Every structure is written in structure tokens, then in C-alpha cells.
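Q: To start, I am sharing the structure in question, which I have written as C-alpha cells.
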Amino acid sequence: MSQPTGRSTVLLCVDVDGGTLLARHGGGFLSLRVYLLFQTFVERFLLFAIPLMVYRATGSVQSSGISFLVEWLPTIMMLPLTGIVVDRYGVRNVFLGSNAIRLAVCFLFFGILMGSESAAAYIIVGGILSLFNLFAYVAFEKHITVLESKDEVAKAFSFFQFNQQSMQVIVPICGAWIVVHVAPHLLFLISAVSYLLLLLLARAMPHDEHRSQVSVGNTFKAIKNAFRFVGTSVTLRWLGILMMSTNFAFGLMYTALPDLVLHIEGQSEVYLGSVYGLAALVSFVYFLSSSKIAEKELVEPLGVAAALIIPASPLLLAFSTGVPVLALSFCLVAGPLVAFSVHARVVRNAAMPSENYALTISITMILSLLGLPLSGAYIAVATSHLSVPTAIICASVVALLLSVVSLRAMRPSYSHA
């Protein structure tokens, strides 16, 4: 489809089989797929490496919880500003700015960490990078809004999730070996070079002329109106709570997994990477079937089932902390995230306003992402008094009950999605 954007035309097309998103500006073509694959690889590598480096430096699951808390809490606090920036300055400019800042941060920490290992430095850089990852993420969310039909949105997000999950396979398999054998400061140098390449790729993207007219003086009013819109929408309010419960369950397992696996005698970081990779492989099943799933109108039932499976799966730790149960539990938490994420976005997009789209999305994401720092804070505090499996089981019961209540409250909204 083509959409007028002032002086020129931007053409977006979705290749269902390959999941390719292409943008054309004035006759030249840019494969957004290439950009997203490369960016996701860098982001996933750092998301995998930083918590693992924190755990290696301290040997403490409490430190892993604090790392997860610092990584996400400042990001969530900045979400309204993120939406304002994307709406006002455009997708291309946000991609450029976020890559430039991440490049500078990684290069700075390359120098700081040279010849030393500091858990505090890892935690700080993780928080900063997480914030600017979110700017790029919200920009992509807005980019997808030009797609017209619900099926197109579902397929586009299926590719996005496939991209995320494929990197979850690739990164752990090679990432664990890299973390063990490459000096920490060199990891940040490699990341800096990667963000430099992403910056060059982003320069080739078309300018997007349709931007919000919200002035600096009206920023707080716009944020207030967006909060009011989300708060008065039954769909968005309960969907945010539902996404929070699933993210909370995922955060519990993701944060505690290094401690759970590496405390099993004879297991190494490379084995930990294989557990992450196995979970990602489960997600491929959904993406490979995404076209047929959309055609048979199975997006909703699979998404609802995933919303229950994800918080319930950590309860398997009540039966065993052995390797097979750990792997199965994490697979059932991380694997169905593709089905749930696609369904949640389709429902959310149907309830969104046409104005200040990125701002409103950022408000809905506050509740959703709040589950991640909450899980980190919970692990940091609860494991001081309970064993790690017991702490996870107790929290999973609460997350499951919250998901059930949210799904019941949202039931009347499905017919309008």
C-alpha cells in the first residue's frame, strides 16, 4: 500500500512467506528486515550478556534481581516521554538518535571497564541501554500502524516476534561462549561498532513526515489525556494488567535461571545458553504457522491460552529443580510469548486512538513492562528468605490469578478487536 507523506510517497509491503517489510522512498528500497535482524541481535546479546556478567561477578541471585530492576524501572518511568519524542520527531530520527546514544554509551563503558570487572558498571550500562532500546521499540510500533488490516498487523508482529525469538536462539548458543572467553571491555567495544553500523543503516531510511503537532508547552496535557484515555478504556486497562502478569512470570524465570542452572553440579554457562535457545525454538512453531493461524482465526484462542500457560508454567518447579523440569518450565514461559504478544497487540491496536499513537502506546506499556522490574525486585528480596524455586512458585500463583481475572474482565472487548 502507498501512503502520501508530503513531498514523496512511502510504500510499505508485507511479504507473508518471508516476513519482509520494505520501505521505498523516492525509488530506492530499504529492507527493514535487515535492520531489525541486526538491531535485535545486538540488543539480545547485551540482554543475555549483562545479567550473566553480573551473576559471574557476584555469584548472587539477588544481584541478578537488582540488575533486572535497574534495567527496567528507569525505562518505564521514561515511557511517556518516549512516546512524545517518537510522535514529534518521527521514526527515522528516533532510530538515528537511539543508535548514536547507544554507540556512545558502549564506547564509554569500553574505556571504563578496560582491564577490570565491575558488577555495578554492568548494571548501570544495562539500565541506560534498556532505555534507548525502548525508544527504538516504540518507533517500530508506530511504523507498523500504517498497515491497514488486522491480519497485516498480526503478520507484521509475527515477523517481529520471530526476529526476537530467532535471536534468542542464535545469541545464547554463541553468546555464553563469548561471555566466558572474551574480556568484558571488548564486548562493549564490539557492541559500539555494531551500533555504528546500525546508525549508518538508519540513515538510509525514508523521512516520515506525519508527526504529532504537540508542542513542548502542551506535553503534560497530552500525557494527561493519554493516561485518561487508557484509564477509561476497559480493554487497554485490563490488557495492560494481563501483559504485566505474563511479563512478571517471564521475569521471574529469566532472572533466576542462571542461579537455578549453574548451581546444578557440572553445568556451565554454555549449558545455560542451550536452555535459552531451546525455549526460543518452541516459539518458531508459531511463526512458521502464522499465516494459517491468521486465516483460521486462531490468533485469539492461542493468545488466550498462552496468557494462562505463561504464569502457570513456573509452578512446575514444585515438582523438581532438575535439568529437564527447568528446561520445560522455561520453554513453556518463553515459548508461548509469541502467541500472546501477537494477540495482545491486535487487541490493543483495535482500541487505540488515531492521534498521538506512540504516546498512548507508551502509556499502555507502563503497566505491561512493570512486571519486569517487579520480578527483579521480588527475586532480590524474596530469595533472602525463601529458596529460589519456592519464591518463584509463590509469585506464579499470584500471576496466574491476575491473568484469569484480567481475561474475564476483557471478555466483552474481544468482539471489537
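Read-outs throughout are calculated quantities, based only on the coordinates presented, and are distinct from any laboratory measurement. The structure presented is a predicted model; accordingly, all values stated were derived computationally and were not measured. As a convention, Cβ positions derive from the backbone with ideal geometry for all residues, glycine included, and neighbour counts pool all protein chains shown.
Q: Would you calculate the separation in nanometres between label points at PHE38 and PHE284, each defined as 7 Å from the Cα along the Cα-to-beta-carbon direction?
A: 2.4 nm
Q: Which FRET efficiency, nearest 0.05, do TYR271 and GLN62 yield, Cβ-Cβ r, R0 22 Å? All intermediate terms of the calculation are to be shown ahead of the outcome.
A: On the way: r = 23 Å, r/R0 = 1.02.
After rounding to 0.05, the efficiency reads 0.45.
Q: In terms of modelled amide H atoms, which long-range or inter-chain residues lie less than 5 Å from the amide H of LEU298?
A: Amide H to amide H, under 5 Å and 5 or more residues apart or across chains, LEU298 pairs with nothing.
Q: Related question: Cut-off 11 Å, label point 7 angstrom out along Cα-to-Cβ of CYS394: give me the residues of segment 339-382 whose amide nitrogen falls inside.
A: 379, 381-382
Q: May I ask you to derive the FRET efficiency for PHE107 and ARG203 from their Cβ-Cβ distance with R0 = 22 Å, giving the value to the nearest 0.05?
A: Numbers: r = 19 Å, r/R0 = 0.85.
Taking R0 as 22 Å, the efficiency between PHE107 and ARG203 is 0.75.
Q: Grab the Cα-Cα distance for PHE319 and VAL234, subtract it from 0.36 nm times how many residues apart they are, and report the gain in nm with one decimal.
A: On the way: separation 85, 0.36 × 85 = 30.60 nm, distance 3.74 nm.
The span from PHE319 to VAL234 would gain 26.9 nm if fully extended.
Q: Another question, if that's okay. Hey, could you pull the Cα Rg and Dmax for segment 33-121, both in Å?
A: 15.3, 44
Q: Hey, can you rank 85-93, 329-337 by average C-beta count inside 10 Å, highest first? Present the calculation step by step, with values, prior to reporting the outcome.
A: Values: 85-93: 21.9, 329-337: 24.0.
Top to bottom by mean Cβ count within 10 Å: 329-337, 85-93.
Q: Next up: Using packing as a proxy for protection, rank 188-196, 129-137 so that the peptide with the highest average count of other Cβ atoms within 10 Å comes first. Walk me through the numbers before you get to the answer.
A: Working: 188-196: 19.9, 129-137: 22.4.
Going by the mean number of other Cβ atoms within 10 Å, highest first, we get 129-137, 188-196.
Q: Just the number, please: Stokes-Einstein D of segment 350-400 in µm²/s, Kirkwood Rh from C-alpha pairs, 20 °C, 1.002 mPa s.
A: Numbers: Rh = 13.0 Å.
Translational D for this selection: 164 µm²/s.
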